[in-house]
Amino acid sequence: MKLRKLDLPDSLVQTLRAARNIIVLTGSGLNPASGLPQCRDGLRGLWARYDAAALATEAGYRNDPALVWAWHEERRRRALLAAPNAAHRAIAALAERAPGTFVVTQNGDTLHERAGSPRILHLQGRFDQPRCTACAMTHTLTTPPARHARHGPYPQPPACRICGGAVRPGRLWHGEAPAPEVWRIAKGLAASADLLMTVGTSCQTPAAAELCYEALARGAQLVQINPNPTLLDRVASHGVRGPAEKVLPLLLARAWPGH
């Protein structure tokens, strides 16, 4: 998709340059350019026959913990093999030009970290930070994720080194609220932001939507960068239709020419 200069109005460029406290709220729309599936998509290959939504629920974990653990380990394995794309790099570059930038991501990978963004909050957990179902302590993964055989059997989740309880994946289940401390930080960021940019997300989860409306209620401007329309279009100051890996580098080049 070729983006023309008129797709980025001067008012958007000026809004970005003038902002001091910026939240970049990212979602799985950043994934395809790094070879990863979006959240609504399943995994290919041997995992294609499974329902991704069912494997991302607490009920699915209780029904078959070995299968759900193996599925999340496969997602961790693929995320480790992926590389940051132009959108991740542009967001890191934005933090250099606007030091008040904070990334709040709904993704479980570490592509923002590897791209160089200095301030990142994982709203829905990380693949590499599983925790105990009993005592909630973070479990350190000491080995890289294995690639499992097509039909199993799959190993059981590890036991907590503190209490012996079963370890669950680090990502939130579908419908699970963010951890209280994570949510406190996210709400504080939204309350102090003067610009919130949604990138690669439709903000359909309650937490993401609430952050947007919190920022708007405190006077922030909302900018959306997404290939498709969203429910927030009616309240956004600016909406740019297009893939983030193409839009963001162009937007930064307009806002800070010569960098």
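Using a probe of 1.4 Å, the accessible surface attributed to residue 128 totals some 60 Å² when neighbouring protein chains are kept in position. When the inverse distances between all different Cα atoms of the stretch 55-165 are averaged and flipped, the Kirkwood radius reads 15.7 angstrom. Amide H to amide H, with H built 1.01 Å from N, residue 121 comes under 5 Å of 103, 104, 105, counting only residues 5 or more places away or on other chains. Taking the 0 to 90 degree range and rounding to the nearest ten, how far is the long axis of helix 206-217 tilted relative to the main principal axis of the chain, both from C-alpha atoms? That works out to roughly 20 degrees. Scalar couplings 3J(HN,Hα) for the stretch 15-23, obtained by applying the Karplus form with A = 6.51, B = -1.76, C = 1.60 to θ = phi - 60°, are 4, 5, 5, 7, 5, 10, 10, 10, 9 Hz; x denotes Gly and Pro. Residues whose amide H comes within less than 5 Å of that of residue 221, counting only those at least five positions distant or on another chain, are 195, 196 (H built at 1.01 Å from N in the peptide plane). Ligands, DNA and RNA aside, residue 194 has an accessible area near 60 Å² when probed at 1.4 Å. The listed residues 69, 183, once ranked by accessible area (1.4 Å probe) with the largest placed first, stand as 183, 69. Once the Cα atoms are used to define both axes, helix 180-192 deviates from the longest principal axis of the chain by about 0 degrees.
With θ taken as phi - 60° and the Karplus curve 6.51 cos²θ - 1.76 cosθ + 1.60 applied, the whole-hertz 3J(HN,Hα) list for the stretch 117-132 is 5, x, 10, 9, 10, 8, 5, 10, x, 10, 4, 8, 10, x, 8, 6 Hz, x standing for glycine and proline. Of the residues 197, 137, the one with the largest accessible area comes first in the ranking 137, 197, computed with a 1.4 Å probe on protein heavy atoms. Among the trypsin sites (Lys or Arg not before Pro) found in the stretch 149-243, those both in a DSSP coil and sparsely packed, with 14 or fewer other Cβ atoms within 10 Å of their Cβ, are 150, 161, 218, 234. Counted by Cβ distance under 15 Å from residue 218, the other residues give a net charge of -1, where Lys and Arg count +1 and Asp and Glu count -1.
Computed over the chain, the per-residue total of -39500 (n - 2.57) for DSSP H runs of n ≥ 4 gives a 222 nm mean residue ellipticity of -10000 deg cm²/dmol, rounded to 500.
The values are calculated or read from the model by the stated rules, or taken from the named source; none is laboratory data. Keep in mind that what you see is a predicted model, and the values were worked out from it rather than measured. Glycine gets a Cβ as well: all are built from the backbone with ideal geometry, and neighbour counts include every protein chain shown. The area values use the complete protein model at the heavy-atom level, side chains included, leaving out ligands, DNA and RNA. Shrake-Rupley method; radii C 1.70, N 1.55, O 1.52, S 1.80 Å.
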